[in-house]
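Worksheet: the structure to be examined is printed underneath.
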Amino acid sequence: MKKRIGSYPRVRIEGGGSGVVSQAGGVLLVETARKTGLDTAVSAALTPWRRPRAVHDPGKILLDVALAVALGGDCLADAVLLRAEPAVFGPVASDPTVSRLIDTLAAAGDKALTAIRSARAEVREYVWMLAKDAAPDTGGQVIVDLDGVLVLAHSDKQDAAATWKKSFGHHPLMGFVDHGSGGTGEPVAALLRPGNAGSNTAADHITATQFALAQLPKRHRRGRSTLIRTDSAGGTHEFLAWLTKRGRWLSYSVGMTITEQIHQAVLKVPASAWTPAVEPGGEIRDGAWTAELDGDTLKGWPKGMRLIVRKERPHPGAQLRFTDADGLRLTCFATNTAGRKITDLELRHRRRARAEDRIRNARATGLRNLPLHETAQNRIWLEIVQLALDLLAWMPMLALTGKPRLWEPRRLRLRLFSAAAQLITTARQRHLRFAHHWPWADVITDAIRRLESLPNPG
């Protein structure tokens, strides 16, 4: 009897196998694209860029790259992941064909970007209708979070510049719809900017908000049912005036810089006016209090604005700022929501931190770097990243329940998409058979059943 050396069994490796599909769990994304009509919508949008007698459809080429990014790819060449499995993903264009399409769309500029965005907006409205109670507007309000992202560049790419963090790259401004505590989020805006773009540039925040509103169903493109939420970068006169302009009437909850005037006003707030902050469950948040400021601090700002300040004991080791008082960290935000307690408004604004989760997921889904050289090409890449993030948000919203509904892209890839399956042909139909011993095989098969039960688009 031979003695085994090491902790793992030895497996003989041979080539030439067949009948097994790797990344078979990616069929969840394929079925999501089919049931939502994303494939046909993108294909129709890019029809003007299809050459006569072309073998590959431009819409499918773009969606194939988005699928590859959703599965973990970070460059155009990663479409090879799909090309290796035609039984699941169909015919996939070659690398030169993919590159030529990106160059063609980049040369078309805003016309191509508008076509892709219009297709995404059309499908988004249909997806929210399919999701019913799981849709992000179920509570009657849609929350859009705006935040900047620093994307490092390791070569001299167009518009790459030194950033405020002394790194080198780009500084896109992103927008995400918040799905609340029961879900994740989906992208609705991506404005590519040079690395030295300002954090509080009002014109960029206005443009990003316009992109975001165009992605929402028409009923949410104006009015108080849509809340724009930002950090202190959005706390500018120009941006708030634009949000509250007559005919637009959007709700907002934006961070504000602690100016000397606000700091002095905080020092004059009596102890009795401070209200303990609350946690999501309603319990009191230890060491945190809120108060509302008025008077001269509101002069020059839009009518109906409420200024709410929060003070909290900093965590151990945190460095206080000169605007803090009595050893407590001060933060401030403005909102035009009336008739609600300041503790509820402060909790709502604090939940803006979920935008950091969305950014982390975007970095793990093609936004770790911008792989192309020209700015026009990287603008197309940002649309591909958003398509991938859309699929990663819509699939759980339509097909997953319980804890899997909250899984982020990395966990979805590890547990669901990476699962292999046996390809079987029976009665001229192809079937994927997942191994029973895979811990999440039931999650995959249940999700596929839910997707298959949805009505076909159109």
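The values are calculated or read from the model by the stated rules, or taken from the named source; none is laboratory data. Note that the structure is a prediction, hence the values are computed from the model and not measured. Positions of Cβ are generated from backbone atoms using ideal geometry, with glycine treated the same way; all protein chains shown enter the neighbour counts. The protein model used for the area step is the full one, side chains on, heavy atoms only, and it has no ligands, DNA or RNA in it. Shrake-Rupley method; radii C 1.70, N 1.55, O 1.52, S 1.80 Å.
At-a-glance table
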item: Any strands (runs of 3 or more DSSP E) falling wholly within segment 108-191 and containing at least 1 residues that are crowded, with 20+ Cβ neighbours inside 10 Å and touching a helix residue (DSSP H, G or I) at 6+ places or on another chain (Cβ under 6 Å); result: 142-148, 173-178, 185-191
item: Filter result for R350 (under 23 Å from E283 (Cβ atoms) and at pLDDT 80 or above); result: yes
item: Number of positions in segment 399-444 that are under 26 Å from the mean Cα position of the chain (by Cα), open to solvent by less than 90 Å² (accessible area, probe 1.4 Å) and not basic (K, R); result: 17
item: Residues being more than 25 Å from the chain's Cα centre (by Cα), without any contact (Cβ under 8 Å) to a residue 60 or more places away in the chain and in a helix (DSSP H, G or I) - total across segment 81-98; result: 5
item: Single condition A364 does not satisfy, out of (1) open to solvent by 30 Å² or more (accessible area, probe 1.4 Å); (2) closer than 30 Å to S118 by Cβ; result: (1)
item: Residue among P96, P58, P86 that alone is more than 18 Å from G366 (Cα to Cα), at pLDDT 95 or above and surrounded by fewer than 19 Cβ atoms within 10 Å (Cβ to Cβ); result: P96
item: Identity of the residue in segment 193-207, in contact with a helix residue (DSSP H, G or I) (Cβ under 7 Å, 6 or more places away or on another chain), within 12 Å of G234 (Cα to Cα) and aliphatic (A, V, I, L, M), that ends up modelled with the lowest pLDDT; result: A202
item: Long-range neighbours under 6 Å by Cβ, at least six apart or interchain, first residue in contact (Cβ under 8 Å) with a residue 60 or more places away in the chain within segment 438-451, second of a type in the set (G, A, S) and open to solvent by 60 Å² or more (accessible area, probe 1.4 Å); result: none
item: Per-region count, segment 277-287, residues part of a loop (DSSP other than H, G, I, E, B) and surrounded by 10 or more Cβ atoms within 10 Å (Cβ to Cβ); result: 2
item: Residue within segment 220-232 that is under 19 Å from A353 (Cβ atoms) and in a helix (DSSP H, G or I) present; result: yes
item: Helices (runs of 4 or more DSSP H) enclosed by segment 312-424 - at least 1 residues per element that are closer than 30 Å to T257 by Cβ; result: 342-350, 354-362, 375-399
item: Condition broken by N196, with the remaining ones in (1) open to solvent by 10 Å² or more (accessible area, probe 1.4 Å); (2) touching a Pro at 6+ places or on another chain (Cβ under 8 Å) satisfied; result: (2)
item: Looking only at segment 157-193, and only at residues there that are in contact (Cβ under 8 Å) with a residue 60 or more places away in the chain and hydroxyl-bearing (S, T, Y), the one that is nearest to V123 (Cα to Cα); result: T184
item: Segment 277-298 residues that are on the phi > 0 side of the Ramachandran plot, paired with ones that are assigned to a loop (DSSP other than H, G, I, E, B) and at pLDDT below 90 (beta carbon under 6 Å, 6 or more apart); result: G287/R313
item: Single condition A54 does not satisfy, out of (1) in contact with a helix residue (DSSP H, G or I) (Cβ under 8 Å, 6 or more places away or on another chain); (2) of a type in the set (A, V, I, L, M); (3) in a loop (DSSP other than H, G, I, E, B); result: (1)
item: Top-ranked residue in segment 252-264 [being outside any loop (DSSP other than H, G, I, E, B) and open to solvent by less than 60 Å² (accessible area, probe 1.4 Å); ranked as farthest from R306 (Cα to Cα)]; result: H263
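Listed here are the residues, each with its yes/no results for (1) exposed (fewer than 13 other Cβ atoms within 10 Å of the Cβ); (2) within 20 Å of A203 (Cα to Cα); (3) touching a Leu at 6+ places or on another chain (Cβ under 8 Å); (4) modelled with pLDDT of 90 or more.
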site: R229; (1), (2), (3), (4): no, yes, yes, yes
site: H237; (1), (2), (3), (4): yes, yes, no, yes
site: V266; (1), (2), (3), (4): no, no, yes, no
site: S272; (1), (2), (3), (4): yes, no, no, yes
site: T275; (1), (2), (3), (4): no, no, no, yes
site: P302; (1), (2), (3), (4): no, yes, yes, yes
site: A318; (1), (2), (3), (4): yes, no, no, no
site: D324; (1), (2), (3), (4): no, no, yes, no
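To keep it simple, each residue is scored yes or no on (1) closer than 23 Å to R34 by Cβ; (2) of a type in the set (G, A, S); (3) in contact with a Leu (Cβ under 8 Å, 6 or more places away or on another chain); (4) surrounded by fewer than 17 Cβ atoms within 10 Å (Cβ to Cβ).
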site: I342; (1), (2), (3), (4): no, no, no, no
site: E346; (1), (2), (3), (4): no, no, no, no
site: N369; (1), (2), (3), (4): no, no, yes, no
site: E374; (1), (2), (3), (4): no, no, no, yes
site: N378; (1), (2), (3), (4): no, no, yes, no
site: Q386; (1), (2), (3), (4): yes, no, no, no
site: D390; (1), (2), (3), (4): yes, no, yes, no
site: A393; (1), (2), (3), (4): yes, yes, no, no
